[in-house]
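First up is the structure itself, then whatever we jot down about it.
Only the coordinates and a few stated rules stand behind these numbers; no lab work does. Predicted model, so just to flag it, every value in this text is computed and none were measured. Quick reminder, even Gly has a Cβ in these numbers, built from the backbone with ideal geometry, and neighbours come from all protein chains shown.
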Amino acid sequence: MSGRVGAALRRGLWRVVLTLTGGLNVVGTLPPGGCVVVANHSSHADTAALLAAVDSGHAPRVAAAADYWFARGWRSAACRVLAGGFRVRRSGGGSADMAAAVALLRAGRAVIVYPEGTRGAGAPGRFHAGAFRLAAAAGVPVVPVGIAGTGELLPKHGRLRRAGVTVRIGAPVAADPDAARAEVMRLAGATDVPTPQAVRRQPELPTRCTPSRSHTTSTTHTPTTTDVPTPQVVCERGMQRRVAALAVSGAGLTLVAAWSLAEAIVWPLVPELVLFALLLAAPRAGVRLVPAAVLASMAGGLCTLALARAGVAPGAPLVTERMRAEVVQQTLAEGPQAVRHQPLSGIPFKVYAAEAGRAGVAPLPFLVEAVTHRGVRIASVGTACALLGVALRPWPHHHARVVTTGGALFAVGLTLVVATWT
């Protein structure tokens, strides 16, 4: 997926993820127009941090190593969809791959490059010249960015841990590898490490209990060890509050609607995933978010149906030929009612919508069936998420663990579904 819609969805996704895993602090902005972003690289989490930090108006694309990210089908699809990655060969042909990005830069987009060429440790290694030749060819500036905290969040060859991340965006520099490296080192080594309240600061919880005024004349409360929340509990409660604030805001509603609409056209991650993260923190937001997800998903399905009738086929990451063949047979046999198989089959909704369009199914009968089955599934899962959020209300510090566990289970389930239909 490409363009500003895809960039906005990625930005929202990675902001939610980084908020849950320790917080994100962004300092500075990119200049208007196209630019080549050069950054230090110590972790796979660097790309998530940059995509969360860069505004969607720049619609960033990421140069990714072809021998690693594009060696397998599922990894290639994940890189393109979740990171906006494009392949760059590290052993022969890399210059031509980079040169192909000139059109992106001239269109006003940002291209993110890790000039070290691989993940390192400690201070950035030597910067290769490819990113700087690319900037010169397109006539755009080079913008240095320093990233701190990702090495602790997701160490090289290590497991995900909780840590705050800071992304510092500097001023454009000369297209010189040594000068850019020095500036990236300065930005990455800045001392303002993010607090867990990074993206949106919230009032901190008290670190000890104080007696209420109504009881001060009659009783004295002596704090005990159970009254004093640990720093980790304070951090987790703060994150739960920030996610809850997002869920009840206009930005949260827009995120859910855009996610659901895009999923019915090109986006591979179901709207239930974002509903799960938001409604665990703010169950009451389900009154707005669940209907928005259903309506946007149905609108996206009708868009896909109309595009297919016009002979247009948007990209469909993680959709296999076997999925398409199964939907063709079901649609030939059942017409608009074929979509009733979607909720339990694991086949994306957009595949049914596209095949209905190619088969000449009328939009209204398809919409009725889609609401009855696909819409009901979204509403049911969303309601279950809200109820789980109510059940977790006495333990807000468990929110991040539950979301992380649910996300991991979803990733496993998605992998199994794609493998089953391959």
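Among (i) 55, 49, 49; (ii) 73, 68, 35; (iii) 61, 51, 48, which one is Cα extents along the principal axes in Å computed from these coordinates?
Computed from these coordinates, Cα extents along the principal axes in Å corresponds to label (ii).
With label points built 7 Å along Cα→Cβ from the Cα atoms of ALA391 and ASP178, find their separation and express it in nm.
Going by the 7 Å Cα→Cβ label model, 6.3 nm.
Once both labels are modelled 7 Å past Cα along the beta-carbon direction, what's the THR420-ALA123 spacing in nm?
5.3
Who wins for biggest fluctuation among ARG241, ARG159, ARG393 in a Gaussian network model of the chain, springs between alpha carbons below 10 Å?
Comparing ARG241, ARG159, ARG393 in a Gaussian network model of the chain, the most mobile one is ARG159.
I'd like to know which of GLY125, GLY34, ALA138 lies farthest towards the positive end of the charge dipole of the stretch 19-170, counting +1 on Cβ of Lys and Arg and -1 on Cβ of Asp and Glu.
My answer, from the dipole projection, is GLY125.
When only Cα pairs under 8 Å and 6 or more residues apart are kept, what is the percent relative contact order across the stretch 263-316?
Relative contact order, the stretch 263-316: 57 percent.
GNM on the chain, C-alpha springs below 10 Å: top fluctuator among LEU105, LEU307, LEU187?
LEU307
Once fully extended, how much extra length lies between ALA100 and ALA325, figured as 0.36 nm per residue of separation less the alpha-carbon to alpha-carbon distance?
77.6 nm
Can you tell which of LEU332, LEU82, LEU392 shows the greatest fluctuation in a Gaussian network model of the chain with Cα springs below 10 Å?
In this elastic network of the chain, the residue with the biggest mean-square fluctuation among LEU332, LEU82, LEU392 is LEU332.
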